[in-house]
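The values are calculated or read from the model by the stated rules, or taken from the named source; none is laboratory data. This one's a predicted model, so the numbers in the text were calculated from it and none came from an experiment. Here the Cβ is made from the backbone with ideal geometry for all residues, glycine too, and neighbour counts use every protein chain on show.
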C-alpha cells in the first residue's frame, strides 16, 4: 500500500551510544521501517542541510548527548521550520526534561530499556502524523 507510513516514511535516529543506535536500527529495520541513524545532532543537521528532509519522517533522539542535546536539536528544528514528529529516549527519567520536550511538541518521552512494541507503536503514530501532514489531510 503506497500510503502506508511504514512503506513511505523514514525514521531518523540520533543517539551517541553506538550499541543503542545499532540495536534500535536493527529492531526498527526488522519491523519494516527505513532508518537513517546518526551519532550526534550535528551530524544529523549537517545531513539535513545537505539534502532535503524526507517528506514523511519522524525523529527518535536521545535526550542527553555531547554537543547539542536532544532538546536543543528539537528547538533548532522548530526554529528552522521543520515539523518533524519527535520522540525522546533516555536512560535518565527526568521529569523536567520530559515536560519541556512535550511542551515543545514531542510525541513521547521513553525511558531505556525500550520495549519493542512501545517503540513500534510510537513510530507508527509519528509516521502517520507525518503522512497526514504531508498529504494535508
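For the reader, a short list of remarks on this structure follows.
- Residues in segment 71-99 that are in a helix (DSSP H, G or I) and either closer than 24 Å to residue 52 by Cα or in contact with a strand residue (DSSP E or B) (Cβ under 7 Å, 6 or more places away or on another chain) (or both): 10 in all.
- Residue 102 being surrounded by 13 or more Cβ atoms within 10 Å (Cβ to Cβ), assigned to a loop (DSSP other than H, G, I, E, B) and touching a strand residue (DSSP E or B) at 6+ places or on another chain (Cβ under 7 Å): no
- Residue in segment 4-48 that is surrounded by the fewest Cβ atoms within 10 Å (Cβ to Cβ), counting only those that are in a strand (DSSP E or B) and touching a helix residue (DSSP H, G or I) at 6+ places or on another chain (Cβ under 8 Å): 36
- Between 100, 76, the distinction of being touching a helix residue (DSSP H, G or I) at 6+ places or on another chain (Cβ under 9 Å), more than 26 Å from residue 4 (Cα to Cα) and at pLDDT 90 or above belongs to 76 only.
- Test for residue 52: is it without any contact (Cβ under 8 Å) to a residue 60 or more places away in the chain, surrounded by 13 or more Cβ atoms within 10 Å (Cβ to Cβ) and out of contact with any helix residue (DSSP H, G or I) (no Cβ under 7 Å at 6 or more places or on another chain): no
- Annotation: residue 68 fulfils all but one of (1) in contact (Cβ under 8 Å) with a residue 40 or more places away in the chain; (2) assigned to a loop (DSSP other than H, G, I, E, B); (3) closer than 20 Å to residue 37 by Cβ; the unmet one is (1).
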